[in-house]
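A.B. asks: Submitted below is the structure of interest, expressed as structure tokens.
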């Protein structure tokens, strides 16, 4: 009992991710100086002050080259090993914790590239070829894990690191283009809206998603929404699946479970209370859906989330 109380006292009460400021990016930690340009390379080992539950305004392409452990990206918890390649979008919290660290640590575990959004967005307005990467950047808001690119990723990182000026930009764009064309990937955190045919449909689907997310505890049926939009239920189901990549029921369950993950990560509320707050009408169904979507029970998810801070449990 005493050891349990000690462990609880050691768990940090601050559950929010730390914002990484530019002034904290010291070359002594592996960062390139700001004058390097808008593409910044970083390599570091483990343990390091950089391995913490944090976020920043830049995109981050993160390659693990040594060790295995747990990856935390938004509300995603999963395992990583060498070759794990993830692109995180601006302000998406993340951390990687090695669980097989040898005595003395790991001299080089992470190869990282950080870059801001504005230069690419503004350049794409005048250079149509850059438009190829914009869908990739949109997907990165949820964290994108790529498969089959780890060897190329390490080569690209070293090429970018060794280059300067316009040559560095060229190598970086080549790498970004390869990622944009990659079809073997998965999204790690939250449901992802896909493209729809026109602005009217986009407005409709955005309004529906807002209804779902703003009223999670309220019952909302596909039949009711179909009637509001003047569609048959079967037409609405096709429309919704094309726009979101999910059936209506699956999408609602994903949104509810994602909200439950947020509450489990950021509060100490009872799991039973969270179950009803996010719209499930019984704890058994909540546990079953949570396990289907997250691969673990709500209680196991809560036990694991504080590992984001690098604590041993």
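A.B. asks: Looking only at residues in region 7-29 that are part of a helix (DSSP H, G or I) and modelled with pLDDT of 60 or more, which one is surrounded by the most Cβ atoms within 10 Å (Cβ to Cβ)?
C.D. replies: Across region 7-29, the extreme among qualifying residues is 24.
A.B. asks: If you go through region 92-109 one residue at a time, do you hit one that is under 16 Å from residue 172 (Cα atoms), in the same structural domain as residue 162 (by TED's automatic domain parsing) and over 14 Å from the mean Cα position of the chain (by Cα)?
C.D. replies: No, region 92-109 has no match at all.
A.B. asks: Related question: When the residues of region 72-91 are filtered to those that are touching a helix residue (DSSP H, G or I) at 6+ places or on another chain (Cβ under 8 Å) and at pLDDT below 90, which remaining residue is surrounded by the most Cβ atoms within 10 Å (Cβ to Cβ)?
C.D. replies: 72
A.B. asks: I'd like to check which helices (runs of 4 or more DSSP H) are fully inside region 250-313 and have at least 2 residues that are at pLDDT 90 or above and under 21 Å from the mean Cα position of the chain (by Cα).
C.D. replies: 283-294, 298-305
A.B. asks: Within region 264-301, which residues are surrounded by fewer than 18 Cβ atoms within 10 Å (Cβ to Cβ) and closer than 18 Å to residue 93 by Cα?
C.D. replies: Within region 264-301, 266, 267 meet the criteria.
A.B. asks: For region 252-276, which positions are in contact with a helix residue (DSSP H, G or I) (Cβ under 7 Å, 6 or more places away or on another chain) and in contact (Cβ under 8 Å) with a residue 60 or more places away in the chain?
C.D. replies: Selection gives 254, 255, 261, 265.
A.B. asks: Can you tell me which residue in region 92-118 is farthest from residue 50 (Cα to Cα), limited to those that are surrounded by 17 or more Cβ atoms within 10 Å (Cβ to Cβ) and at pLDDT 95 or above?
C.D. replies: So the residue we want is 115.
A.B. asks: Starting from residues that are touching a helix residue (DSSP H, G or I) at 6+ places or on another chain (Cβ under 7 Å) and buried (at least 16 other Cβ atoms within 10 Å of the Cβ), keep the ones in region 194-216 and report whichever is modelled with the lowest pLDDT.
C.D. replies: It comes out as 196.
A.B. asks: Report, by residue number, each residue of region 119-137 that is surrounded by 15 or more Cβ atoms within 10 Å (Cβ to Cβ) and without any contact (Cβ under 8 Å) to a residue 60 or more places away in the chain.
C.D. replies: Those that are surrounded by 15 or more Cβ atoms within 10 Å (Cβ to Cβ) and without any contact (Cβ under 8 Å) to a residue 60 or more places away in the chain: 120, 124, 130, 133, 136.
The values are calculated or read from the model by the stated rules, or taken from the named source; none is laboratory data. This one's a predicted model, so the numbers in the text were calculated from it and none came from an experiment. When we count neighbours, we look across all protein chains shown, and the Cβ atoms used for this are built from the backbone with ideal geometry, even at glycine.
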